[in-house]
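Everything below concerns the one structure shown next.
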Amino acid sequence: MDFLDATFLSNTIKDWLIALGVIVLCYVGAKILLWFTNQVLKKFTEKTKSKLDELLVDMLEEPIAFAIGLAGVLWSVHFLTIPNPGVALFLHKFLIFIFVLDITWMVARTVDAMLEVYVVPLTDKSESEFDDQLLPIVQKGLRAGIWIMGIILALDNLDVDIGAMIAGLGIGGLALALAAQDAIKNIFGGIMIFLDKPFKIKDRIQIHGFDGTVEEVGLRSTRVRTLEGRIVTMPNSLFSDNEVINVSSEPSRKVVLNLGLTYDTTPENMALAMKVLKDISAKFSDRILPDTPLGFNAFGDFSMGILFIYYIKPGLDNLAIQSEMNLEILTRFNEKGLEFAFPTQTIYKKEMP
């Protein structure tokens, strides 16, 4: 008993052990809660029709367990004597500060779960792509607003003069705005994307030397996956300062072929070549539009030219159809004995007397 009555840092060993026991007890309680959640509660919520309870359990288990552990620390302090009243008050308020932040964490996750269950299905069912782009912004905005309110409440508990702090931020707002010109420009660029709608998610676009598919549109930046499979994060100001080509919006893909036949080709074979191209157009009528301009259009330096234009229908594999079309042209021309020209020169040498 003499050992337990010994004093260490203004408290007996017994008081320290009681405080430590409270912390360990709450820690064990938090671990038991996590075990019960994973082994029992989650299996129960999986059987219910609603997804909300399952999401809430998954999202709130960590902040609740942390709150139990924090409550243990807060409770244990009451068993100890802190000689300095200022330190004791600050420690108490600091623990309350952390506790308020933990509650903010719970609220933010609860709001995320509500949006996931009730709002996301509505946007998935709607035909408009605008709400799909706007929803991530709303989620981030709500989350940021909740955390700002939580931090303000937590700081207020520490007796921080919130009014003076906000006034100070107002005075320094101009300097902050000047320092954050690019960020503000990107935010306005994001707003213009939502208003003008030059593209939507999953559209293929070309801008500033990049060609790829839009994966995410944020308030500050937009993510594009290039044809090489890389993710490029572009500031939204880039879209207001540069021309954007929306490849996905094209009604059809135009393909221009300039075919050159040798000068040995007879008029009959030239007409035959154009007939072959018309037959190929009819064969591909399920994949190309019926409008296929075709004509004998040039006497070149080393070949006679045929201009053949066709339009691939939207939503198809452009490269695959071009490959099939070119192979068909090559095969049919070879079958008919139609020769493609290549650059040649004939040199006449005159003998000097």
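Read-outs: derived from the displayed coordinates by stated rules, not from any lab. Nothing here was measured: the structure is a model prediction, and the numbers come from that model. Note that we place each Cβ from the backbone using ideal geometry, even for glycine, and neighbour counts take in every protein chain shown.
State the extension gain, in nm to one decimal, for the chain segment bounded by L89 and E243, taking 0.36 nm per residue of separation less the distance between their alpha-carbons.
Taking L89 through E243 to full extension adds about 49.4 nm, to one decimal.
Put in line by how crowded their Cβ is, counting other Cβ atoms within 10 Å and starting with the fewest, H92, H208 read H208, H92. Sorting R204, R225 by the number of Cβ atoms found within 10 Å of their own Cβ, with the fewest placed first, yields R225, R204.
If we count other beta carbons within 10 Å of each Cβ, what is the order of T346, T266, fewest first?
Going from least to most buried by this count: T346, T266.
Residue separation of I151 and F340 scaled by 0.36 nm, minus their Cα-Cα distance, works out to 60.5 nm of gained length.
For P290, the shell of other residues with beta-carbons less than 13 Å away shows a net charge of +2, using +1 for Lys and Arg and -1 for Asp and Glu. Under the combined filter of DSSP loop state and at most 13 neighbouring Cβ atoms within 10 Å, the stretch 271-315 retains these chymotrypsin sites (Phe, Trp or Tyr not before Pro): F302.
Shape class of the stretch 232-353 from the Cα gyration tensor (axes a ≥ b ≥ c, square roots of the eigenvalues): oblate, since a/c reaches 1.5 or more and a/b does not exceed b/c. Spin-label pair I201-K254: with each label point 7 Å from Cα along the Cα-Cβ axis, the two points sit 3.3 nm from one another. Under a model in which nothing but the beta-carbon of Lys, Arg (+1) and Asp, Glu (-1) is charged, the stretch 299-353 shows a dipole of about 180 debye around its Cα centre. Think of the stretch 206-249 as a dipole: +1 on every Lys or Arg Cβ, -1 on every Asp or Glu Cβ, centred on the Cα centre; then among N242, V224, I207, V224 lies furthest on the positive end.
Here is the link list: K278/K349; K31/K93; K197/K283; K197/K254; K202/K275; K140/K202. Which ones come out longer than 32 Å on Cα distance? The pairs that break the limit, which is 32 Å between Cα atoms, are K278/K349; K197/K283; K202/K275.
Classify the stretch 199-249 from the C-alpha gyration tensor, please: rounded if a/c falls under 1.5, else prolate or oblate depending on whether a/b exceeds b/c.
Rounded, since a/c falls under 1.5.
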